[in-house]
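The structure appears right after this line, and notes come after that.
What follows is calculated from the coordinates using simple rules that are stated; it is not laboratory data. Owing to the predicted nature of the structure, the values given are computational and were not obtained by experimental measurement. When we count neighbours, we look across all protein chains shown, and the Cβ atoms used for this are built from the backbone with ideal geometry, even at glycine.
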There are 2 protein chains.
Amino acid sequence: METRTNTERHRQRQQKIKERVDSRVAAATERKGIVLVFTGNGKGKSTAAFGTVTRAIGHGKTVGVAQFIKGQWDNGEYNTLHQHNVEFHIMGTGFTWETQNREEDIQAAHAVWQESKRMLADARYDLVVLDELTYMLAYHYLDIQEVIASIVNRPSHQSVVVTGRGCHSQLLDIADTVSEIRPVKHAFDSGIQAQSGIDW
Amino acid sequence: METRTNTERHRQRQQKIKERVDSRVAAATERKGIVLVFTGNGKGKSTAAFGTVTRAIGHGKTVGVAQFIKGQWDNGEYNTLHQHNVEFHIMGTGFTWETQNREEDIQAAHAVWQESKRMLADARYDLVVLDELTYMLAYHYLDIQEVIASIVNRPSHQSVVVTGRGCHSQLLDIADTVSEIRPVKHAFDSGIQAQSGIDW
């Protein structure tokens, strides 16, 4: 049973929340592309990047994706999003711990980075995703200064999403939004296999 | 310049990582649907849920989505995903702080919950997303015991994704994977407007 007092208290609380949100919305007046980083050790970084792509194409945006590292297996996000003309560049060397060939990895990283740089310089792209870029910087496969410059000098309406653990501090500095995804628990640790449609 | 020593050290390190991953993969033998929670105060919870949907449909899975709260505006994930026969049930009352009518909110929450319960009992769904469900529990709009029972008793191959801040501890208890998304910084706080293709 709802009492009148409860309902009124709820209405007043919601009214206060609404006023606070409205004033923040009024204060946020700048329209420009943003740099969004999903980092941390938890599950959901690349997943959130591909959720952002799904949103963007739902608004008719033009999207380019560079995937550093993953790529040798059946890829659910690719299967769906390439149907919507999302452009993919995938290193395709598999996980680096599977290839164990540093020179080949570096070459593959540079090839995908060239495509990334081109997209970051092209105003036709509304959103560029640099999935798992952070590892390329941590391994010194790519030059941090060149990456930062390309992102900072991109077309002003263009947004960029970067994913991966251990994001470089200079990338965090130029980011507008940073979410750290913390693993509270993970199915894998309780013996459940990784599976299609959830993990890739 | 890469030296041989560097390359060899890298190879050995990657080999060790590969062995560790391989042994964890070998240990994880159970195949079943999982309960995945994206919680915390950072940006990316619903986004990760819709990334999961994008992956799942890329593998031909059948997906149902219940969105509690949001729904009055142009919704990028809906625009994209309904083209792939993803079933959406949206409360459509807008943010509760906009409606300020507790009774209407409760009715709308129950209507969407009825659809959720039906999907959670139906083996044809491989994945059910309960987007922003946590608020419905925090506000006591829905009964936690009924929600827990419906999730626990679902078909064993079915996965469930729950999103929202402040996830109820009983939901965390039954979850297989929990990611907490922490806001390190947010564009909104530096005066940048929320925008289509990123924020909705």
Every other copy gets compared here: list the nm distances from the B:Asp143 label point (7 Å along Cα to Cβ) to its counterparts, shortest first, one decimal. 6.6
Inter-copy separations for B:His157, label at 7 Å along Cα-Cβ, nm, ascending: 4.5
Using a/c under 1.5 as the rounded threshold, could you call segment B:33-183 rounded, prolate or oblate? The axes a ≥ b ≥ c are square roots of the C-alpha gyration tensor eigenvalues, and prolate needs a/b larger than b/c, oblate otherwise. rounded
To the nearest 20 debye, what charge dipole does the protein assembly as shown have about its Cα centre, counting +1 at the Cβ of each Lys and Arg and -1 at the Cβ of each Asp and Glu? 540
When the distances between all Cα atoms of the protein assembly as shown are binned every 20 Å from zero, what whole-number percent does each bin get? 27, 57, 15, 1
Placed amide H near B:Val162: partners under 5 Å, 5+ positions off or other chain: B:Leu36, B:Val37, B:Phe38, B:Leu130
If the cut-off is 13 Å between C-alpha atoms, which aspartates and glutamates fall inside it for A:Lys16, apart from same-chain ones fewer than 8 positions away? A:Glu8, B:Glu98
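Grab the DSSP H runs of chain A that are 4 residues or longer, score each as -39,500 (n - 2.57), total them, divide by all residues and round the 222 nm result to the nearest 500 deg cm²/dmol. Intermediate results must be reported in sequence, preceding the final value.
On the way: 8 runs with 88 residues, N = 200.
Estimated from H runs of four or more residues: -13500 deg cm²/dmol.
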Karplus-derived 3J(HN,Hα) from phi for segment A:46-53 (6.51 cos²θ - 1.76 cosθ + 1.60, θ = phi - 60°), whole Hz, x at Gly and Pro, runs 5, 4, 5, 4, 6, x, 4, 4
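With 10 angstrom as the radius, rank B:Leu130, A:Leu172, B:Leu171 by how many other C-beta atoms surround their C-beta, starting from the fewest. Display every interim value, and only then the final one.
Values: B:Leu130 29, A:Leu172 16, B:Leu171 23.
In increasing order of surrounding Cβ atoms, one gets A:Leu172, B:Leu171, B:Leu130.
Could the peptides A:160-166, B:51-57, A:149-155, B:7-13 be put in order, highest first, of the mean number of other beta-carbon atoms found within 10 Å of their residues?
Details: A:160-166: 23.7, B:51-57: 28.4, A:149-155: 15.7, B:7-13: 13.3.
With the highest mean Cβ count within 10 Å placed first, the list reads B:51-57, A:160-166, A:149-155, B:7-13.
Across peptide A:13-19, how many C-beta atoms of other chains are within 10 Å of each residue C-beta, on average? Mind dumping the intermediate values first?
Numbers: counts 2, 10, 2, 1, 5, 6, 1.
Mean inter-chain Cβ contacts per residue within 10 Å come to 4.
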